[in-house]
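Below you'll find the structure, written out as structure tokens, and then a few comments.
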Amino acid sequence: MDPRRIWRRVRRVWATLGTLAGVTFFAWSLIAYRAAPEAHAATAGDAEEEVRRGDGTWRSAPGRGAAPGAPALVLFPGALVDAAAYAALA
């Protein structure tokens with residue numbers, strides 16, 4: 001067989017596999033970075049925690065009956081991850 005035909009076939013297979021991998025990763029990233037329903041439920045707040053959503057921020061504060069001066073936590077969400085996804089963990 002001619003070496004040029006072999007390399008042409010190798011390049012075609014390589015390009016096809018690369019395109020397929022890129023499309024698969026793009027489709028996966030649209031699904032993977034969403035917040036779960038449990039995380040959205042945690043943003044509602046309850047008697048122990050008050051949750052307020054501002055202009056691009058979430059503020060979670062202790063509710064009524066919490067001890068004054070309780071420790072605080074500042075959380076910076078990841079680049080592509082929905083900020084509500086961290087609510088269940090925080």
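The values are calculated or read from the model by the stated rules, or taken from the named source; none is laboratory data. A quick note: this is a predicted structure, and the numbers were derived from the prediction, not measured. When we count neighbours, we look across all protein chains shown, and the Cβ atoms used for this are built from the backbone with ideal geometry, even at glycine. Surface areas here come from the heavy atoms of the whole protein model, side chains and all, with no ligands, DNA or RNA. Shrake-Rupley method; radii C 1.70, N 1.55, O 1.52, S 1.80 Å.
Would you call Ala15 surrounded by 10 or more Cβ atoms within 10 Å (Cβ to Cβ), farther than 27 Å from Gly78 by Cβ, at pLDDT 95 or above and among the small types (Gly, Ala, Ser)? Break it down into steps so the answer makes sense when it comes.
Details: surrounded by 10 or more Cβ atoms within 10 Å (Cβ to Cβ): yes; farther than 27 Å from Gly78 by Cβ: yes; at pLDDT 95 or above: yes; among the small types (Gly, Ala, Ser): yes.
Here the answer is yes, as Ala15 does meet what is asked.
Going residue by residue through the range 18-25, is there one that turns out to be surrounded by 10 or more Cβ atoms within 10 Å (Cβ to Cβ) and touching an Asp or Glu at 6+ places or on another chain (Cβ under 8 Å)? Talk me through it step by step, then tell me what you get.
Of all residues in the range 18-25, those surrounded by 10 or more Cβ atoms within 10 Å (Cβ to Cβ) come to 18-25.
The next check asks that each one be touching an Asp or Glu at 6+ places or on another chain (Cβ under 8 Å); those that pass are none.
No; the residues of the range 18-25 include none that is surrounded by 10 or more Cβ atoms within 10 Å (Cβ to Cβ) and touching an Asp or Glu at 6+ places or on another chain (Cβ under 8 Å).
If you go through the range 26-60, how many residues are in a loop (DSSP other than H, G, I, E, B), open to solvent by 100 Å² or more (accessible area, probe 1.4 Å) and in contact with a strand residue (DSSP E or B) (Cβ under 9 Å, 6 or more places away or on another chain)?
1
Run Arg4 past the list (1) assigned to a loop (DSSP other than H, G, I, E, B); (2) open to solvent by 90 Å² or more (accessible area, probe 1.4 Å); (3) at pLDDT 75 or above; (4) of a type outside the set (A, V, I, L, M) and report the number of the one that doesn't hold.
Every listed condition holds for Arg4 apart from (1).
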